[in-house]
Amino acid sequence: MMTYVTIGAIVITTTLLEKRSRDAGNTDGALTARRFGRYFLLGSGAMIAYEWVSGMLALML
């Protein structure tokens, strides 16, 4: 459960960082924060799915 909380906290932080950068006029920083948040969420979701599938396969075999 702590994994999901950590992932959510990082994604929310990048969203807030993106908003702060955009308000300050730093579009490069805002785009970087947005990309990091999206790719982090995608990567962590893929790793959780991989761990789940490998766990289910280990139980079946």
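The values are calculated or read from the model by the stated rules, or taken from the named source; none is laboratory data. These numbers come from a predicted model, not from an experiment. Positions of Cβ are backbone-derived with ideal geometry, glycine not excepted, and every protein chain shown enters the neighbour counts. With ligands, DNA and RNA removed, areas are computed over all heavy atoms of the protein, side chains included. Shrake-Rupley method; radii C 1.70, N 1.55, O 1.52, S 1.80 Å.
Summary table
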| quantity | calculated |
| --- | --- |
| Matching residues, segment 1-24, being open to solvent by 100 Å² or more (accessible area, probe 1.4 Å) and of a type in the set (Asp, Glu) | Asp23 |
| Test result for Thr27, β-branched (Val, Ile, Thr), exposed (fewer than 11 other Cβ atoms within 10 Å of the Cβ) and at pLDDT below 95 | yes |
